[in-house]
Structures are given as C-alpha cells and as structure tokens.
Amino acid sequence: TDNDNQNKTDDDNQNNEIIVETSKEEDKKSVKENWLEATRRIAKAKRKDKMRDDRDAFLKAYDELKGKEGSNAWIAKSTLGYKGLDIKVSDNAQKLLEFVDKMKGSWVIQKYLEDPMLTDGRKFDVRTWHLVTAFGPKKMHMFTYAEGVLRVSCTRYRNSNFDDEFTHLTNNAIQQGHPDYGKHEKNNLLDFKDLDVILSKHYKSLKGVEIKNYPRKDRPMTTENDILPRINEIVLETLKSIKDWLLPQPTQAYHLLGYDFMITNTGSVQLIEVNLTPGTSPDRLARMVSDMAEIVLDNPFVDPFKMSGSAAADHDLDRKPNSRSSNLFRYSGVVEV
C-alpha cells in the first residue's frame with residue numbers, strides 16, 4: 001500500500017490559449033512570462049533554503065523540554081524518504097544529529113507525539129488523500145478523498161525503546177516485516193468506520209479532567225463531524241503557506257497529495273507529514289483515477305461541441321464540479337493569491 005508513484009501530464013495547447021485570454025485581462029502577462037516568473041521565484045527560494053540549518057533551534061527546544069513530563073523523544077526523517085526508510089526516533093539529541101549528519105540530503109526533526117490515541121493498545125496514524133487543482137491562474141481548489149485509512153502497528157505502544165520500529169512507525173512497509181502482520185486486522189489497515197468505533201471507545205474511557213479537556217464533552221467525536229473538518233482546515237493551511245510558490249499558476253495543473261495525521265490521547269488532530277507521491281492500493285487507485293478524471297479533465301475543459309469562439313474563451317476555468325458519477329473526492333476549499 002506504500003508504493004510511491006508519480007504521475008506526469010502534458011500541457012494541452014488549446015487550454016493554454018484559454019489561460020492566455022484569462023491572464024491577459026488580469027495582469028497583461030503571457031503564459032511564458034508567468035511561468036518564467038514562477039520558476040525564478042521557486043529557484044530563489046530553494047537557494048535560500050539550501051543554506052538553512054536549524055540544529056541550534058532544535059537543541060534549544062530539546063533543552064527546554066528536558067526534565068518535563070514525558071520522554072522528550074524526537075523524530076528525524078529525510079525529506080526524500082519513503083516506505084518508512086531513513087527515519088529515527090530517539091530521546092537523545094546527539095544521536096539524532098549524528099544520524100542526520102551521516103546521511104545525504106535535507107532532513108526534518110520534529111517533536112515525537114508521545115501520547116497517541118490507541119486502538120487495542122496499539123498506535124495508528126491516519127492517511128488521507130487530497131486533490132489540488134489550479135485551472136485558473138490565481139486559485140487552487142482542494143478536494144478530499146472520502147476513503148481514508150488507518151495504518152496500525154503490530155505491537156502494543158510504549159513510550160520507550162524508540163529503536164523498535166514495529167511499535168513507533170506505523171508505515172505499512174515497516175509493519176510487513178513483523179510476524180504478527182495482518183493478525184489483528186487485514187494488512188494492518190482500518191477505515192473511517194473503524195475510526196468511529198475507536199473514537200467512541202476512547203470517549204467512554206475518559207474520566208474527570210480528561211473529559212474537561214476533550215474537544216467534545218457531550219458526545220464522542222466522529223470522523224465526519226470532527227476529524228475530517230479539522231483535517232481539511234490543516235490541509236488548507238499548508239497550501240496557504242506555500243501559495244506564493246505555486247500561484248499564479250500559468251498552466252492548468254493538478255496534484256494528488258497524501259497527508260498523514262495522528263490523533264492524540266486528548267483528541268487533538270496533528271499533522272505528521274505531507275507526501276508528494278503518495279501510495280495506495282490498486283483497487284483504491286482505480287476508484288481515485290475514475291473520479292479524478294471527471295474533476296481534472298471532464299469538468300474544466302471546454303466541450304468543443306457545446307462551446308466555440310467567445311463562449312469558449314469565457315469558459316469559467318475555476319468552477320468546481322458539483323455533479324459527478326461517484327463524488328469520492330469532496331470539494332473542501334479554495335486558496336487564492
């Protein structure tokens with residue numbers, strides 16, 4: 001389920017012409033000029049980030065948390081990693097830095113979430129898929145795939161022994177190496193219906209001050225009403241944080257992103273990472289592609305048998321799909337320049 005695949009699309013000349021007509025009215029720039037401007041902006045930002053090294057900030061944060069409740073564990077991961085590779089969890093700052101210095105490329109060190117919500121005593125994370133489209137020059141629309149999954153570890157969680165990958169890394173490619181893989185649930189995966197059961201059981205286990213600090217005090221949280229809305233808020237915030245890199249968009253474009261979240265013991269939804277080339281199972285991929293095609297191909301492109309001339313030029317490239325055969329990707333919001 002974690003095979004990473006990258007899809008590439010070619011520009012369509014006819015649709016580029018439509019973008020030219022739209023963008024000329026707004027900023028009098030051609031597609032080529034917009035593209036060159038965006039490319040220079042991204043290259044400049046990458047050169048600036050290349051010299052960035054936040055190890056002093058990490059050590060300061062590590063020292064501030066030392067001695068407080070918990071193990072002060074952190075997790076280091078490569079920005080180019082996949083399938084759970086090149087990841088280390090440790091409560092020793094020097095070991096983390098030594099690990100990073102031995103490897104190539106860019107790295108991220110983030111605070112390890114030590115109090116995850118559990119299912120039958122085991123850790124899990126939540127994978128969601130989000131389709132981002134940019135059919136007009138100054139807007140990105142975001143769609144959330146309805147069928148997220150929970151990836152569950154094989155062994156019971158302990159806030160210690162951080163070298164035990166089967167306890168602390170829920171990535172499916174890691175868990176496949178454990179002898180109990182698939183023992184508790186097929187392929188160590190659960191769905192959103194199972195998440196509702198987990199949320200209900202967790203709510204019933206809360207006592208006193210735990211309920212007082214819980215997001216919902218009158219009822220258990222649900223995936224549809226509580227978890228997904230918060231996930232969508234976080235996804236839109238991440239897109240807003242990079243909108244200056246991506247907008248204005250000189251060509252029609254789309255990208256499928258995989259987001260990984262955890263839910264803490266107190267009911268807080270926390271972003272773990274964003275995957276640019278997310279993997280999924282073949283059967284889910286087939287359903288995804290079918291619905292994606294209606295969004296990124298059928299909906300925004302002009303039907304030559306229904307539109308021509310000025311009507312085609314005025315076609316609303318930013319309109320969002322309202323009626324599709326499956327609606328597995330749900331419209332979740334927009335990011336604008």
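Could you work out how far apart the two model spin labels at VAL334 and ASN265 are, taking each label as a point 7 Å from the Cα in the direction of the beta carbon, and quote it in nm?
4.4 nm
Please compute the length gained on full extension between ASP56 and LEU85, using 0.36 nm multiplied by the number of residues separating them and subtracting their Cα-Cα distance.
Numbers: separation 29, 0.36 × 29 = 10.44 nm, distance 2.51 nm.
In short, 7.9 nm is gained.
Please work out how much accessible surface VAL296 shows to a 1.4 Å probe, ignoring ligands, DNA and RNA, in Å² rounded to 10.
10 Å²
I want to check the label-to-label distance for GLU69 and LYS111. Put each point 7 Å from Cα in the C-beta direction and report it in nm to one decimal.
Roughly 1.3 nm, to one decimal.
Rg and Dmax of region 130-276 over Cα atoms: what are they, in angstrom?
18.1, 55
Run through region 76-135 and list the trypsin sites (Lys or Arg not before Pro) located in a DSSP loop whose Cβ has at most 13 other Cβ atoms within 10 Å. Don't skip to the end; give the middle numbers.
Details: sites: LYS77, LYS83, LYS88, LYS95, LYS102, LYS104, LYS111, ARG122, LYS123, ARG127; in loops: LYS83, LYS104.
Within region 76-135, the qualifying trypsin sites (Lys or Arg not before Pro) (loop, at most 13 other Cβ atoms within 10 Å) are LYS104.
Would you mind calculating the gained length between ASP191 and VAL274 on full extension (0.36 nm times residue separation, minus the Cα-Cα distance), in nm to one decimal?
Values: separation 83, 0.36 × 83 = 29.88 nm, distance 1.96 nm.
Length difference between fully extended and current span is 27.9 nm.
Kindly give the semi-axes, whole Å and largest first, of the ellipsoid equivalent to region 66-178, taking each as the square root of 5 times a Cα gyration tensor eigenvalue. Could the numbers behind the result be given before it?
Working: eigenvalues 159, 82, 41 Å².
Each semi-axis is the square root of five times an eigenvalue, giving 28, 20, 14 Å.
Quick one: pull the percentage of alpha-carbon pairs in region 190-282 with a separation above 15 Å.
Details: 2931 of 4278 pairs.
Roughly 69 percent, rounded to a whole number.
The values are calculated or read from the model by the stated rules, or taken from the named source; none is laboratory data. Keep in mind it's a predicted model, so treat the numbers as computed, not measured. Backbone-built Cβ (ideal geometry, glycine too); neighbour counts: all protein chains shown. For the accessible areas, the whole protein counts, side chains as well, though only heavy atoms, and no ligand, DNA or RNA atoms are used. Shrake-Rupley method; radii C 1.70, N 1.55, O 1.52, S 1.80 Å.
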